[in-house]
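In what follows, a single structure is set out as structure tokens and then discussed.
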Amino acid sequence: MVLVIAEQRGGKLNRATWETVAAAQQAGGPVAIAVLGAGAEAAAAELAAADVADVIVVEAAAVAEYTADGYVLALAALVAQEQPALVFLAHTYQTRDFAPALAARLGRALVTDVTAVKKTGDRLVYVRPVFQGKLNADVEATGPVPHLVTFQIGAFRADAAARGSSAAPSRTVAVTVDASAIRQKAEAPFQEARQAVDLSQAERIVSVGRGIKAQEHLKIAEELAKALGAEIAASRPICDAGWLPMDRQIGSSGQTVAPKLYVALGISGAIQHLVGMKGSRTIVAINKDPEAPIFEIADFGIVGDLFEIVPAMIAELKK
């Protein structure tokens, strides 16, 4: 069995959970999904639409609010009870916080930031980027099961997760967690600024690069984003220059995104940027350089001056 650990907050699922379900279904074998924390019942009801063996609501008062210790203790108990062969998780900030400790507590292998799964006979080989995405490595987990695997956001499409013809069965599993063993105290999620945004959840993104030339020209990108109902983002040089806050940066040292639409304005397409957005469903690139690497992965490419093309796009969208 592949056990997927869902991530939710207040009953609202992180979209990356559906991507992880898609990865689990491709790995083969029965799939179960575990949900824990306050609001787990609502999230479980949504996940019951997936074509899985069952959905497990983990009941433990000590994990109503997220803490790394609480999740490690609860999930260790769940794994001991369910005996899965694999534990799959989305490679989110929360997962990065507790998954290594969970693997250490279980004494099991952990493979992180996986972008693809390959079957070699009866074995699974995981593909993960190395050297900031310049190369891919094939990794095989060794040692006793269950192996823990985290999946890069955008590596699998959320809409690729198969839905069942009827709701999957749901059950509640009570686990015992010693509240005195939890060393952290839950606080509100950190936000750097009032306007901070989780770009990984955005359905449409307009992103700018060096081709925007000057900070005052950001207005044209913001107008396009408004017309599209999109979030604004940027490559690293723009954020390094302070033209946009760092929480708007896409790439290996920023956020990883997989929106339905990604519009790249004046972005050449360095590998450090591509690894952060290559999972986007539709990529539109506008660049004056016909040899720009961004065109190699773009679904639609426009070679030209963005200062001429973008106003025309805005005018059409407003119509």
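The values are calculated or read from the model by the stated rules, or taken from the named source; none is laboratory data. Everything quoted here is computed from the prediction, not taken from an experiment. Positions of Cβ are backbone-derived with ideal geometry, glycine not excepted, and every protein chain shown enters the neighbour counts. Each accessible area value is taken on the protein alone, full model and side chains, heavy atoms only, with ligands, DNA and RNA left out. Shrake-Rupley method; radii C 1.70, N 1.55, O 1.52, S 1.80 Å.
Side notes on the structure shown:
- Dipole magnitude of region 122-247 about its Cα centre (Cβ charges: Lys, Arg +1; Asp, Glu -1), debye to nearest 20: 100
- Dipole magnitude of the chain about its Cα centre (Cβ charges: Lys, Arg +1; Asp, Glu -1), debye to nearest 20: 220
- Radius, Kirkwood style, for the chain when every pair of distinct Cα atoms is counted (Å): 20.9
- Of the chymotrypsin sites (Phe, Trp or Tyr not before Pro) found in region 117-208, the ones in coil according to DSSP and having at most 10 other Cβ atoms within 10 Å of their Cβ are Phe131, Phe190.
- Heavy-atom accessible area ranking, 1.4 Å probe, most first, across Ser180, Ser268: Ser180, Ser268
- Among the listed pairs Lys213/Lys278; Lys260/Lys288; Lys288/Lys318; Lys119/Lys278; Lys118/Lys226, those with a Cα-Cα distance over 29 Å are Lys118/Lys226.
- Compactness relative to 2.2 N^0.38 Å, alpha carbon Rg of region 216-263: 1.13
- Heavy-atom accessible area ranking, 1.4 Å probe, most first, across Met246, Met1: Met246, Met1
- Counting only protein heavy atoms and a probe of 1.4 Å, the accessible surface of region 169-248 is 48% carbon and sulfur.
- Part-to-part distance (alpha-carbon centres) for region 115-191 and region 214-231, which is given in Å: 35
- Crossing angle, helix 16-27 versus the chain [Cα axis fit, 0-90 degrees, rounded to tens]: 70
- Loop-located trypsin sites (Lys or Arg not before Pro) in region 83-184 whose Cβ has at most 11 other Cβ within 10 Å (DSSP): Lys134, Arg183
- Per residue, the chain exposes an accessible area of 47 Å² to a 1.4 Å probe, with every protein chain left in place.
- Annotation for region 242-263 versus region 81-112: alpha-carbon center distance of 26 Å.
- Ratio of Rg to Rh over region 1-102 (Cα coordinates, Kirkwood Rh, two decimals): 0.91
- Of every Cα-Cα pair in region 63-132, the percent that sits beyond 20 Å: 36
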